[in-house]
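Colleague: First the structure, which I've put down as structure tokens, then a few questions once you've had a look.
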Amino acid sequence: MITTAKDLFKGLKENSDAFDFNSVSNELLKNKDVIKGIISKGGHFLKKIPEEIIDNEIAAISVQKSLSNFEYLPEKYRFDISFIESLHFENSHDLCILKFTNKVFLNDKKLILMFLNKFSVSENHYIPIDLRYSDDDNLYFYLGENLKMDKEVINAAQKLSPKIFKDTPKDLREDINFCKPFIYEYPHNIEFAGVSVKSNRDLIKELCSRKGVLINYVKDYFGSDKEIAELAVSNYGDAIEYLSPELQNDVEIVKLAINQNPTALKFASANLKDNNEVIEIAIIKDGYALEFASERLKNDETVVFKAINRCSSGGAFKFASERVRGIKELAILALQNEGDYGPEDGWGTFDHQSDKPLFAYLPETISNNKDIVINAIKNNLESVKYIKSSIRDKEDIKALIREHKELQKENNKTKSDGGWG
């Protein structure tokens with residue numbers, strides 16, 4: 001039998017999950033300071049403490065420490081409306097603890113509306129964006145079936161999070177007036193709307209003019225609609241992926257798409273990937289769009305030159321045909337314009353992925369050329385590991401490598417010292 005607080009807390013520390021509270025003396029558990037200490041170790045210990053020991057003070061302290069402790073309180077507190085009303089909810093997400101109360105409460109429209117309306121977006125209760133648009137719990141999910149179908153309750157829950165839309169009654173999602181508030185606030189909800197809403201042309205025009213990616217959810221109805229396609233690709237070039245083959249082969253649509261995002265070219269038809277005018281529009285905006293050009297155009301020196309003739313676009317040279325990659329003058333231009341390489345673009349996102357520097361993609365016909373090697377070292381020291389040892393070990397090349405390593409150290413030091421200041 002454990003009779004001292006020291007032994008109790010030692011036992012909790014050593015075997016918290018399987019600790020047997022029956023081995024603790026009643027006298028020790030009647031000590032409120034001990035109970036408070038137990039609670040401080042984790043709310044889940046509450047369910048192991050005999051219910052008769054948990055009084056109003058202990059219950060209040062538990063939820064003051066963390067509302068998540070509500071789950072482990074005895075029913076006499078979880079089912080007590082006055083106790084629940086006394087709780088301090090920081091935000092709408094906290095309301096989800098009410099899923100641990102009884103079914104009578106979760107079917108009481110008046111009480112549920114009181115709590116839902118308490119946290120509607122207002123000056124007094126700002127609901128963080130990450131909660132409003134997350135897929136996390138929402139009190140709505142735990143309501144009785146009658147309340148889940150009640151429009152007044154749904155509207156109150158919608159103000160807390162529009163992402164409950166997919167769980168609302170299917171017949172209501174066929175009603176455009178019901179759907180609009182959900183869709184206007186969170187346009188991706190169109191995915192879960194009924195057929196009559198998804199096929200409403202005026203609504204889809206309005207949505208795609210603001211968020212072209214939504215064409216994905218209505219492509220079965222409007223994937224061949226040129227007017228809607230124009231609206232979609234004008235603000236989201238990759239929307240062309242969801243269009244019909246006919247529109248993917250439409251010059252006007254494809255031009256709009258690649259003007260918004262040059263690499264949307266990958267979703268164009270094979271015919272337009274072989275169209276000089278279309279390709280030039282794409283590569284002038286982003287040389288890396290060369291990746292999606294036809295083999296004929298990847299073998300066109302003029303096209304490749306335009307793709308690599310800008311700072312940081314030289315890396316696109318790896319997409320040129322092997323014949324063109326063997327042209328020394330173009331290779332040097334590309335190396336000089338290579339810029340950064342790698343899967344990360346510097347801002348934590350992925351752009352033109354490559355696990356190797358441009359030099360690694362050059363054919364052997366020119367990769368052993370001294371001018372090529374010198375340009376590779378000067379513009380990207382990572383090229384060194386791909387230079388043949390027979391060339392890398394030459395004294396003048398070794399000296400050049402040492403020189404640029406020192407320059408790189410100085411540059412790194414300057415960046416480190418400067419920060420954003």
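None of the figures in this text is laboratory data; all of them are computed from the coordinates on show. Bear in mind that the values here come from a model prediction, so they are computed numbers and not experimental data. Cβ coordinates were reconstructed from backbone atoms using ideal geometry, including for glycine residues, and neighbour counts include every protein chain displayed.
Colleague: Tell me, what is a quarter of the convex hull surface for the C-alpha atoms of the range 1-88, in nm² with one decimal? Write out the running numbers ahead of the final one.
Modeller: Details: hull surface 21.1 nm².
Orientation-averaged projected area of the Cα hull: 5.3 nm².
Colleague: Follow-up question, since we're still on this one. Please give the contour-minus-distance gain from Asn369 to Lys99: 0.36 nm per residue of separation, less the Cα-Cα distance, rounded to one decimal in nm.
Modeller: Working: separation 270, 0.36 × 270 = 97.20 nm, distance 7.17 nm.
In short, 90.0 nm is gained.
Colleague: Applying 1/(1 + (r/R0)^6) with R0 = 51 Å to the Cβ-Cβ distance of Ser209 and Glu52, what FRET efficiency is obtained, to the nearest 0.05? Spell out each step's value before the answer.
Modeller: Numbers: r = 64 Å, r/R0 = 1.26.
Efficiency, from the Cβ-Cβ distance: 0.20.
Colleague: Test of understanding: express the Cα radius of gyration of the chain as a ratio to 2.2 N^0.38 Å, with N the residue count. Present the calculation step by step, with values, prior to reporting the outcome.
Modeller: Values: Rg = 32.4 Å, N = 421, 2.2 N^0.38 = 21.9 Å.
The reported ratio for this selection is 1.48.
Colleague: Let me ask another. If you build a Gaussian network model of the chain, linking Cα atoms that sit under 10 Å apart, which residue out of Ser224, Ser389, Ser62 swings the most?
Modeller: Between Ser224, Ser389, Ser62, it is Ser389 that shows the largest mean-square fluctuation.
Colleague: Run the quick spin-label model on Lys10 and Lys41: label points 7 Å from Cα toward the beta carbon, then report their separation in nm to one decimal.
Modeller: Using points 7 Å along Cα→Cβ, the separation is 1.3 nm.
Colleague: Under 10 Å, Cα contacts only: if you run a Gaussian network model on the chain, which one of Val24, Val324, Val197 comes out with the highest mean-square fluctuation?
Modeller: Of the options given, Val24 has the highest mean-square fluctuation.
Colleague: Say a site is exposed when it is one of the GluC sites (Glu not before Pro), sits in a DSSP loop, and has at most 11 other Cβ atoms within 10 Å; what is then the longest site-free stretch of the chain? Could the numbers behind the result be given before it?
Modeller: On the way: sites that count: Glu90, Glu123.
Result, exposed sites excluded: 124-421.
Colleague: Of the residues Ile61, Ile308, Ile332, which exhibits the maximal mean-square fluctuation in a Gaussian network model of the chain defined by a 10 Å Cα contact cut-off?
Modeller: Most flexible of the set in this elastic network: Ile61.
Colleague: So, in nm, how far is label Glu227 from label Ile176 when the simple model puts each one 7 Å beyond its Cα toward the Cβ?
Modeller: Taking the two extended label points, one gets 1.4 nm.
Colleague: Cβ neighbours within 10 Å, averaged per peptide: list 255-261, 175-181 in order, most packed at the top. If you can, show how the numbers build up before the last one.
Modeller: Working: 255-261: 22.1, 175-181: 16.6.
In decreasing order of mean packing, 255-261, 175-181 become 255-261, 175-181.
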